Amino acid sequence: MSTENEGTAVPPAPSAPPVPVASPAASPQAAAADGGAPTTPLPTTPPGAPEQGGAAAAHASAGPSGGPQGAGPAPDGSWPPPAPATPYADGGAGAGSGGWGSSYQQPAPKPRNGRGGLVAAVLVAALVAGGLGGGLGYTLAKSNDDTGSTTVSASDNGATQVKRSPGTIAAVAAKALPSTVTIEAESTSGEGGTGTGFVFDTQGHIVTNNHVVADAVDGGKLTATFPSGKKYDAEVVGHAQGYDVAVIKLKNAPSDLKPLALGDSDKVAVGDETIAIGAPFGLSNTVTTGIISAKNRPVASSDGSATSKASYMSALQTDASINPGNSGGPLLDASGAVIGINSAIQSSSSGGLGGSGQSGSIGLGFAIPINQAKYVAQQLIKTGKPVYAKIGASVSLEEGSDGAKITDTGASGTAAVESGGPADKAGLKPGDVITKLDDRVIDSGPTLIGEIWTHKPGDKVTITYKRGGQEQTVQLTLGSRAGDS
């Protein structure tokens with residue numbers, strides 16, 4: 001399933017961040033997924049974006065290699081795999097001059113006649129009578145004001161403050177909001193966007209999405225603004241394109257930072273309440289609610305640009321309203337603990353009212369599970385680079401229902417199965433179709449990559465695959481690769 005990353009363009013003078021997109025050669029799925037999830041039709045490839053082959057291959061080891069199946073060598077497989085073909089947030093799709101399909105006609109002036117004076121006279125008389133009646137009514141009411149009133153104000157009743165129990169949405173939001181920030185990232189050329197992040201520790205580290213801060217990675221400007229209005233300059237500590245996770249650090253961070261409590265995304269159940277905090281379309285400190293709609297939703301997301309690199313996740317799906325600008329913000333459970341990072345949405349192909357403008361929520365939002373994001377963030381803080389688990393084999397990125405097929409060749413004509421790698425040691429070969437990883441059903445290459453990345457290097461997993469129509473099972477130990485390149 002693929003979606004679009006959501007982000008909000010920085011306004012010309014700001015006052016005071018991925019829906020999942022279609023993966024290469026992917027056909028839209030019929031399930032639910034907001035901001036780029038698998039269900040609805042996806043927009044076409046924008047001008048200048050590379051064409052995707054129906055059998056493009058990606059390296060299931062975190063994506064370093066990948067190439068098309070069948071005849072001919074695979075295209076340049078510099079990782080991550082080619083970006084999905086869905087354009088970012090449907091932005092800029094014009095719908096004609098009017099948007100609504102009709103133009104405004106100035107009504108013809110009404111002819112003047114003798115009755116105009118009569119109407120005016122009657123109107124004046126009515127106004128005079130109305131004023132007179134109003135004055136009399138006020139006088140009578142004032143004279144009878146001491147006869148008693150049947151209404152009681154809150155202050156008269158002794159009520160001073162509304163008390164809310166800790167479990168209410170209002171109480172959770174009041175506690176979490178002071179630990180969230182609105183992030184503005186700007187490149188050296190002035191381009192950028194707005195997203196969200198949350199306090200990860202007392203040292204000033206903020207966790208967000210990679211696509212929120214990407215513009216500021218190479219010498220750009222980065223700021224984080226708290227709901228109190230306090231604004232801090234920040235710098236990127238590390239970013240992971242494949243995971244779509246980034247960590248920034250506040251410069252001159254205050255000493256009273258309160259990190260948000262992290263929950264356990266493995267224990268989340270479908271139907272659990274969710275609370276999302278973010279800056280949709282630049283509206284900072286917005287709180288929305290919903291439920292967990294699904295777990296382990298395979299999502300490939302990208303902004304659809306020619307230089308975009310896909311990220312893959314086994315996402316938490318929620319119907320809490322998430323829009324461009326919510327990216328990087330926390331998805332909370334009913335107790336206020338972070339269970340995910342809001343990252344992508346599936347949006348309708350129309351692009352909004354009138355068929356133009358930026359995509360918005362249709363109730364299909366996706367969040368990176370916090371158990372995975374926590375591990376990635378800790379690695380970024382420690383080394384500045386992400387570490388990916390891998391099986392050491394290139395798989396087709398073509399979406400389907402039969403599994404993840406190991407390609408005949410890898411990137412730039414290299415071997416599809418890495419010599420001496422985990423897949424090689426387990427006996428896997430080109431042409432094998434992986435259908436399960438442990439108890440997770442694998443229906444495509446992107447799904448396999450997303451599931452592998454929920455694990456850590458060194459984890460032992462069971463691979464179920466088909467070869468020549470016969471199903472076989474093998475256990476392997478996941479390898480590792482550092483960095484995005």
How do 373-379, 445-451 rank on mean C-beta neighbours within 10 Å, highest first? 445-451, 373-379
Cα gyration tensor of segment 378-435 - equivalent ellipsoid semi-axes, whole Å, descending: 25, 15, 12
Could you run the Karplus curve 6.51 cos²θ - 1.76 cosθ + 1.60 with θ = phi - 60° over segment 460-468 and give me ³J(HN,Hα) per residue in whole Hz, x for Gly and Pro? 9, 10, 9, 9, 9, 9, 10, 9, x
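Output needed for segment 332-485: three equivalent-ellipsoid semi-axes, defined as square roots of 5 times the C-alpha gyration tensor eigenvalues, in descending order, whole Å. Spell out each step's value before the answer.
On the way: eigenvalues 191, 94, 50 Å².
Values for segment 332-485, descending: 31, 22, 16 Å.
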Applying a 10 Å radius around every beta-carbon, put 245-252, 282-289, 424-431, 202-209 in order of their mean neighbour count, most first. 202-209, 245-252, 282-289, 424-431
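Highest mean first, what order results for 328-337, 433-442 on Cβ atoms within 10 Å? Working shown, then result.
Numbers: 328-337: 24.8, 433-442: 18.1.
Answer by packing, highest mean first, reads 328-337, 433-442.
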Nonlocal amide H pairs with G242, under 5 Å, H built at 1.01 Å: none
Leaving out ligands, DNA and RNA, what percent of the accessible area of segment 328-485 is carbon and sulfur, probe 1.4 Å? 45 percent
How long are the semi-axes of the equivalent ellipsoid of segment 398-485, taking √(5λ) for every eigenvalue λ of the Cα gyration tensor, in whole Å from largest down? 18, 16, 14
Quote to one decimal, in nm, the extra length available between R467 and K221 on full extension: 0.36 nm per residue of separation minus the C-alpha distance between them. 83.4 nm
Report, in listed order, any pair from K382/K425; K267/K382; K230/K385; K251/K382 with a Cα-Cα distance greater than 25 Å. K382/K425; K267/K382; K230/K385
Short to long, in 10 Å steps from zero, the percent of alpha-carbon pairs of segment 241-300 per bin is 14, 33, 43, 10, 0
Kirkwood Rh over alpha-carbon pairs of segment 232-346 plugged into Stokes-Einstein at 20 °C, 1.002 mPa s gives a D in µm²/s of 140 µm²/s
Just the number please: accessible area per residue for segment 424-471, 1.4 Å probe, all protein chains included, in Å². 46 Å²
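The values are calculated or read from the model by the stated rules, or taken from the named source; none is laboratory data. The model shown is predicted, which means the values in this text are computed figures rather than measured ones. Neighbour counts run over all protein chains shown; Cβ positions are idealised from the backbone, glycine included. These area figures cover heavy atoms from the full protein model, side chains too; ligands, DNA and RNA do not enter into them. Shrake-Rupley method; radii C 1.70, N 1.55, O 1.52, S 1.80 Å.
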